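Quick notes on the structure that follows.
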Protein chains: 2
Amino acid sequence: MTKNNRPPLTQLVQRGELMSADCPSREILLHMTSRWGVLVLMVLAEGTQRFSTLRRKIGGISERMLSHTLQALEGDGILQRVSYPEVPPRVEYTLTPLGQEAAEKVSALADWIEVSVPRFLQARADRVRKP
Amino acid sequence: MTKNNRPPLTQLVQRGELMSADCPSREILLHMTSRWGVLVLMVLAEGTQRFSTLRRKIGGISERMLSHTLQALEGDGILQRVSYPEVPPRVEYTLTPLGQEAAEKVSALADWIEVSVPRFLQARADRVRKP
DNA sequence: CCCAAAACTAACATTTATGTACGTACTTAC
DNA sequence: GTAAGTACGTACATAAATGTTAGTTTTGGG
């Protein structure tokens with residue numbers, strides 16, 4: 001089954017080969033395109049936000065998932081976390097330059113989807129008519 | 001918990017509101033940005049492909065997942081499936097116009113990630129140095 | 001005759017993602 | 001004095017994604 005007829009890893013890290021199963025780009029893609037990752041990037045594209053603000057702006061996200069998603073993105077160097085030693089606690093999240101570029105691409109996709117929703121719904125309706 | 005302080009659904013379907021938990025755009029986004037959905041779109045952007053070709057080009061995908069992913073995208077009107085009654089069977093998958101636009105956006109993101117892999121790795125290395 | 005090829009589907013097992021509930025520590029507002 | 005806000009971590013439970021294996025059907029090749 002696993003015939004491993006792929007280029008060597010040293011070659012992969014140079015540019016990133018998404019089609020290869022074990023390229024690190026796969027994981028980054030996963031984080032950015034995760035269920036909540038996309039939405040977090042979109043909101044952070046507006047500017048620095050704190051935890052509770054993100055939670056409120058992103059409908060349906062739980063605190064646990066927001067926390068996990070933020071940690072994954074921070075781990076990829078996409079955003080930066082800054083906590084202030086106050087009471088009640090305050091923590092702010094900001095996109096890094098790398099993250100800003102990421103957010104641009106993701107937002108472009110998301111915006112296109114939002115605008116195209118009617119076309120998607122229409123396509124679905126057509127398929128119900130004549131399947 | 002669920003306070004439901006969101007705009008009415010009738011308003012959502014007009015343009016798509018990704019930040020609202022129950023907007024249909026959420027599901028479309030999920031399909032397009034799914035683990036394999038992105039890669040399928042990228043390969044189909046090259047042109048019509050048959051099942052086995054997709055399977056070979058996308059490293060690590062199983063037949064089951066390819067099948068499921070293709071069905072989801074077909075259900076959204078992103079691609080079209082055409083099967084020829086031959087033996088052995090032949091089935092071809094082609095992007096619809098809607099799917100071609102989708103593939104453009106997704107590919108733009110994917111390409112950016114591939115090119116940016118070195119920067120991601122660098123960022124990770126930096127964080128190990130000074131966490 | 002036996003096996004490979006194609007494009008799957010079904011059944012089952014496992015892993016991952018996500019949700020829920022609870023706790024924390026201190027402050028301000030009511 | 002009592003509740004709420006803040007940014008989580010932890011434990012547990014469930015849902016969803018993904019993988020593995022086996023089977024199908026018919027033709028052509030060795």
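Read-outs throughout are calculated quantities, based only on the coordinates presented, and are distinct from any laboratory measurement. The model shown is predicted, which means the values in this text are computed figures rather than measured ones. As a convention, Cβ positions derive from the backbone with ideal geometry for all residues, glycine included, and neighbour counts pool all protein chains shown.
Nm distances between the label at A:Arg55 and the same-position labels in the remaining copies, 7 Å along Cα→Cβ, shortest first?
4.6
Using Cβ contacts closer than 10 Å as the measure, can you line up B:Ser83, A:Ser25 from fewest to most?
Numbers: B:Ser83 12, A:Ser25 23.
Going from least to most buried by this count: B:Ser83, A:Ser25.
May I ask you to work out the translational diffusion coefficient for the protein assembly as shown at 37 °C, viscosity 0.692 mPa s, via Stokes-Einstein with Rh from the Kirkwood sum over Cα pairs, reported in whole µm²/s?
Using the Kirkwood radius from Cα pairs, D works out to 166 µm²/s.
With the dipole of chain B worked out from charges on the C-beta (+1 for Lys and Arg, -1 for Asp and Glu) around the Cα centre, which of B:Gln71, B:Phe51, B:Ala123 lies farthest toward the positive end?
Of B:Gln71, B:Phe51, B:Ala123, it is B:Ala123.
Tell me which residues come under 5 Å, amide H to amide H, from A:Glu17 once H is placed; ignore anything under 5 positions away on its chain.
Sorted by chain and number, the residues that satisfy this are A:Ser25.
Would you mind ranking A:Arg81, B:Arg64 by Cβ crowding within 10 Å, fewest neighbours first?
Fewest-to-most Cβ neighbours within 10 Å comes out as B:Arg64, A:Arg81.
Using just the helices of chain A, give the 222 nm mean residue ellipticity in deg cm²/dmol: DSSP H runs with n ≥ 4 each add -39,500 (n - 2.57), and the total is spread over all residues, rounded to 500.
Working: 6 runs with 76 residues, N = 131.
The per-residue figure over chain A is -18500 deg cm²/dmol.
Cα convex hull of chain A: how many Å³ per residue?
179
In region A:40-131, what GluC sites (Glu not before Pro) fall in a loop by DSSP, with at most 13 other Cβ atoms inside 10 Å?
Filter output for region A:40-131: A:Glu46, A:Glu86.
If one computes the Cα centroid of region B:67-131 and of region A:83-118, what distance in Å separates the two points?
Region B:67-131 and region A:83-118 have Cα centres separated by 22 Å.
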